[in-house]
Amino acid sequence: MTIKNFSTRTKKYRNSLQHTILLLVLFIVFFWIYFFTIMPNLIASFVVPLFQPTMRQQAKIGFAKFQGLAWGSTAKENVAQATGKEISQKLINKEYIFDFSFHSRNEEENGYVKSSGEWYAKAPVLGEEPIILEPWIGFAFLAAVFAFVTSLLLTMFMPSSLGIMAVLFDRQIENTKVKLRLQTGFADEIIELLIMPDDKLAEKELPEVRSAFRMVWDRTMTEDIASPFQSARFEDVFDEDTDIVFFRNEAIYTRIKEFFSDFVVIEIIDIKHALLWRRNRFHVPKGFRLYMSHYFTEKYSNLVTGLAYGGAALLIVAVGIRGLKFIPAARPSFILLAITLEFTMLSLLARTLMYTEEEERMDKMLKKMEDANRSQLEALRGQQADIHQLSNALVGQTAEIIRSRVENAIEEYMTSGDQIQRVVAEEIAKKIMFQLKEENHSTRYKSFGGETRR
């Protein structure tokens, strides 16, 4: 991949203003839905069944659901009259009151006092004083987290021109391709075959993949006798009856794993799965894994860990203040904030750890480095021998200049990252050596013949 092509692809998958605006709009909409609709109903469905009068108690007193998210105890004969009506002082007996609405109440009309930004819960098991929950303190953060996660999840299904997570997934696919090319030294055409989904690779013909697979096979040759694929030649295992999908997934991936590392194969497989997401947006977990494993965990793992510890510290402080009675038992909103914050941070930490790749054993890494260095040393020795023969064939002052320039050019091409350039350089070197040897032999023959005739 050239620098120009890489820059073009990176620019194509760059975050822009429409991604941010759309994410912000989605966040506001979902925050409104979660905070003003889902959260009150969720808390009410948890608290009311837990603290409402038991069935035996309801045989003596009535318990009615009033208009909105309000419940209260009333006289047995007033249950039918109170159900669905606005809660009022005339209809309740004030023993059980649960109000999770965003309406203000007063003593004269409703029989109890609460502001529009409070939730009210009163039951004998909760104590003499009613419990006042402040949703903007205790539950706004949780609603914001749910809204943000929902917005991000929705953008994963959108086109890359609109969804911020979609463009991040696509950009990570291209970045990981470049990373693979730098790690392996393979050309773009080989990388595309290695990461191609199985169904697409199955459509390829054998001649289309033979040369690429042979190059990978030869490049990953090692001297590790423990590997089952080291002693076989490529022609011995690849013929007209070979299943190219099985051959790539088993033989090629195994050789890459043994020669480079487990991480390289994991990157290849994760990109292959992410390409399925690019083709069908409903494969969200596949694209999400590539982004989390090869970008988010590598860049933000320490930050997430620090946030989790910070949330734990806040929770400890909140519980300590509550133990010192500086936070009344009737107003536990700050405690709820600390709990939800720590819950969110620990959930994020758990998700990050799930997608963090395990470290490879040090002995295996050293062995692979040794094999790679040995292979590189053998290649350099062969190049040195060819250059030495070439330099011996060149004589004279002009030949010294030519020899120096040829050596520098061959060294530059041999050490370049482009496999095609290395192959071309080797063939050029062979041609030059052959021609020089022929000319040298012809010159010696003519000189010998001239001396004989003289």
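Using θ = phi - 60° and the Karplus form 6.51 cos²θ - 1.76 cosθ + 1.60, what ³J(HN,Hα) does each residue of segment 205-218 get, whole Hz, x for Gly and Pro?
8, 4, x, 6, 10, 4, 5, 5, 5, 5, 5, 5, 4, 5
Under a 5 Å amide H to amide H cut-off, with H placed in plane at 1.01 Å, what residues pair with Q89 once short-range neighbours are removed?
Placed amide hydrogens put N110, G111 under 5 Å from Q89.
If I take R0 = 45 Å and measure r between the Cβ atoms of K325 and S301 in this structure, what FRET efficiency does the formula 1/(1 + (r/R0)^6) give, to the nearest 0.05? Can you show the working numbers first?
Working: r = 39 Å, r/R0 = 0.87.
Efficiency at R0 = 45 Å is approximately 0.70.
List every residue whose amide H lies under 5 Å from the amide H of E118, counting only residues 5 or more places away in sequence or on a different chain, with H placed 1.01 Å from N in the peptide plane.
Amide H neighbours of E118, under 5 Å, 5+ apart: none.
Rounded if a/c is under 1.5, else prolate if a/b is larger than b/c, else oblate: which is segment 293-354, with a ≥ b ≥ c the root eigenvalues of its Cα gyration tensor? Spell out each step's value before the answer.
On the way: a/c = 4.86, a/b = 3.08, b/c = 1.58.
Cα axes put segment 293-354 in the prolate bin.
For every other residue with a beta carbon closer than 11 angstrom to the beta carbon of N110, add +1 if it is Lys or Arg and -1 if Asp or Glu, then tell me the sum.
On the way: positive: K90, K94, R105, K114; negative: E86, D99, E107, E108, E109.
Taking every other residue near N110 into account, the sum is -1.
Which pairs break 21 Å Cα to Cα here: K65/K90; K94/K325; K200/K286? Don't skip to the end; give the middle numbers.
Details: K65/K90 15 Å; K94/K325 27 Å; K200/K286 17 Å.
Checking Cα-Cα distances, K94/K325 exceed 21 Å.
Set the Förster radius R0 to 25 Å, insert the Cβ-Cβ distance between I61 and T83 as r into 1/(1 + (r/R0)^6), and round the FRET efficiency to 0.05. The partial results should precede the final answer.
Working: r = 15 Å, r/R0 = 0.59.
Efficiency, from the Cβ-Cβ distance: 0.95.
Could you give each residue of segment 16-33 its phi-based ³J(HN,Hα) in whole Hz, using Karplus coefficients 6.51, -1.76, 1.60 with θ = phi - 60°, and x for Gly or Pro?
Along segment 16-33, the couplings run 10, 5, 5, 5, 5, 5, 5, 5, 5, 5, 4, 5, 5, 4, 5, 5, 4, 5 Hz.
Can you sort W217, W119, W32 by how many other beta carbons sit within 10 Å, fewest first? Walk me through the numbers before you get to the answer.
Working: W217 20, W119 24, W32 12.
Ascending Cβ contact count within 10 Å gives the list W32, W217, W119.
Quick query: amide H of K65 versus all other amide H atoms, modeled in the peptide plane; which residues come in under 5 Å with a sequence gap of 5 or more or a different chain?
The answer is G84.
Each value in this text was obtained by applying a stated rule to the coordinates, not by laboratory testing. Here the structure is a predicted model, which means the values were calculated and not measured. We place every Cβ from the backbone using ideal geometry, glycine too, and count neighbours over all the protein chains shown.
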